[in-house]
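Worksheet for the structure shown next.
The values are calculated or read from the model by the stated rules, or taken from the named source; none is laboratory data. Please read these numbers as outputs of a predicted model, since none were measured by experiment. Cβ placement follows ideal geometry from the backbone for every residue including glycine, while neighbour counts extend to all protein chains displayed.
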């Protein structure tokens, strides 16, 4: 019997080449094109405050498991960078066992869990590789893709204990200036 599971999905934070200027930087401030820009690090810190402090209330519970795509073999380390401040705040490791293209294995593992899991992934692979694998309640519409210019949305799925499917809602916490109040 499946346990209760809240699954939250975010995309990695802002990257070089988008509307936010500056080079990608590691958490130590070293230039790295596979890392986040300063705006992305600001968002990563805001996610850490939202999910890691209780400030977000019941809509944004503290995760009991963190997942990001493995940087090795990936075009970026932005997903793990995005979760790094939250990981540090919670004293919890980020599970980097799964690479882009291994979303089926990722979801096989996550759907066995109970508690609260937070996934941070590359936006195209969220739409193509993760969302189609989440069994939602009949009639529930889930976005088919994640727009390349949106970094500010949480996709939240909730499964009750013993249930086979998830309810769904989009959350727009508006953490940084310019964030939208509309879902994707």
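The figures follow:
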read-out: Residue that is farthest from residue 134 (Cα to Cα) [pool: residues in the range 82-95 that are out of contact with any helix residue (DSSP H, G or I) (no Cβ under 6 Å at 6 or more places or on another chain) and in contact (Cβ under 8 Å) with a residue 24 or more places away in the chain]; value: 88
read-out: Any hit, the range 65-81, residues being closer than 24 Å to residue 178 by Cα, buried (at least 19 other Cβ atoms within 10 Å of the Cβ), modelled with pLDDT of 90 or more and in contact with a helix residue (DSSP H, G or I) (Cβ under 6 Å, 6 or more places away or on another chain); value: no
read-out: Options 126, 119, 130; residue that is assigned to a strand (DSSP E or B), surrounded by 14 or more Cβ atoms within 10 Å (Cβ to Cβ) and touching a residue at least 60 places away in the same chain (Cβ under 8 Å); value: 119
read-out: Residue satisfying condition, being exposed (fewer than 15 other Cβ atoms within 10 Å of the Cβ) and over 17 Å from residue 149 (Cβ atoms), within set 17, 57; value: 57
read-out: Selection within the range 25-76 - without any contact (Cβ under 8 Å) to a residue 24 or more places away in the chain and in a loop (DSSP other than H, G, I, E, B); value: 28, 29, 30, 33, 37, 54, 55
read-out: Some residue of the range 165-173 being under 20 Å from residue 6 (Cα atoms), more than 15 Å from the chain's Cα centre (by Cα), in contact (Cβ under 8 Å) with a residue 24 or more places away in the chain and crowded, with 20+ Cβ neighbours inside 10 Å; value: yes
read-out: Test for residue 159: is it farther than 20 Å from residue 44 by Cβ, touching a residue at least 40 places away in the same chain (Cβ under 8 Å) and surrounded by 17 or more Cβ atoms within 10 Å (Cβ to Cβ); value: yes
read-out: Hits in the range 94-116 - residues which are assigned to a helix (DSSP H, G or I) and more than 24 Å from residue 148 (Cα to Cα); value: 105, 108, 109, 110
read-out: Residue in the range 18-36 that is modelled with pLDDT of 90 or more and touching a strand residue (DSSP E or B) at 6+ places or on another chain (Cβ under 9 Å) present; value: yes
